[in-house]
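The next block holds one structure in the form of structure tokens; read it before the comments.
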Amino acid sequence: MRSTPREKGSSITRVLEIIEAVASAAEPLTPSALADKLDIPKPSAHRLVQTLEKEGFLQFGLKGGLLPGDRLHATAVNILGSGRHKALRQAILRQLSDEIGETCGLSVPDGLDMLYFDRVQTNWPLQINLPIGSHTPLWCTASGKLYLASLPDDQLERILPRLPIRQMARNTVTDLSALRDDLVRIREEDLATDSEEFIDGMVACAVPVRDARGELSACLFTHAPVIRCSMESLLSFVPRLRAAAKELEAIVSG
């Protein structure tokens, strides 16, 4: 009796399990560790990993562990952007933006950048235009620093020295020691700020949106030109941002 359909189905399941394991692993897994974790024969695991790497869904890190590749990152962002909850997510962002009077949006980590995948723009004549799809630095943006602060210490210490840190605006923190201190504060407060660190004349703050496991899945941010809104004024909106983040968490987990 032929068993080709079952073998094909098993192979597809294994590919999906590999992608899921790599995406959710706290530390990069080697192909052998992945095979053990998923109870897949090592030759099969290596073969599937090689195919996924060739196609751009996985990539090898500096120490030989597996990381999500560019195509997997792009797929994840597309799922977030076109998911069944898009209309409700946009409604939450629109209500938040209308209440505080400033641009609000969501960003997700994408390699050594943050990627804007959803936003609602204000109607003020004076505004900062960072459209959906924009990539912004980790070390000098509210969302980027919030993401860095969410990382385990060992992972953070591997990333920080490799960031292409440079002066972006008048208040950009370029000293690693000072940046570490800022990240400690962000962890304690569960809140990140950008006071003219990324763009001169712009202030921003961000709060986390967490998944069902309590891990950061996105950053909810707002930003404004300082000529209209001071950092102190922006921070007065934080309770409303946190409430909106809880609403977003409910639909992400639902």
Exercise for review: Would you please name the residue that is modelled with the lowest pLDDT, looking only at residues in segment 65-102 that are part of a loop (DSSP other than H, G, I, E, B) and out of contact with any helix residue (DSSP H, G or I) (no Cβ under 9 Å at 6 or more places or on another chain)?
Suggested key: R84
Point to revise | Residue that is most open to solvent (accessible area, probe 1.4 Å), among those in segment 128-155 that are polar (S, T, N, Q) and out of contact with any helix residue (DSSP H, G or I) (no Cβ under 7 Å at 6 or more places or on another chain) | key: N129
Revision key, fill the gap. Per the filter on segment 107-123, residues in contact with a strand residue (DSSP E or B) (Cβ under 7 Å, 6 or more places away or on another chain), closer than 25 Å to G56 by Cα and not acidic (D, E) are S107, V108, M114, L115, Y116, F117
Check your understanding: For segment 34-45, how many residues meet the condition of being open to solvent by less than 70 Å² (accessible area, probe 1.4 Å), in a helix (DSSP H, G or I) and in contact (Cβ under 8 Å) with a residue 12 or more places away in the chain?
Key -> 4
Point to revise | Every residue from segment 48-61 that is charged (D, E, K, R) and loosely packed, with under 15 Cβ neighbours inside 10 Å | key: K54, E55
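Return yes when A206 is touching a residue at least 40 places away in the same chain (Cβ under 8 Å), in contact with a helix residue (DSSP H, G or I) (Cβ under 9 Å, 6 or more places away or on another chain) and farther than 21 Å from P225 by Cβ and no when it is not.
no
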Review point. Of all residues in segment 9-20, how many are without any contact (Cβ under 8 Å) to a residue 24 or more places away in the chain and surrounded by 16 or more Cβ atoms within 10 Å (Cβ to Cβ)?
Key: 1
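The values are calculated or read from the model by the stated rules, or taken from the named source; none is laboratory data. In this text the structure is predicted, and so the values were computed from the model without any measurement. Reconstructed Cβ throughout: ideal geometry from the backbone, glycine too, with neighbour counts over all protein chains shown. We work out accessible area using only protein heavy atoms, side chains counted, and drop any ligands, DNA or RNA first. Shrake-Rupley method; radii C 1.70, N 1.55, O 1.52, S 1.80 Å.
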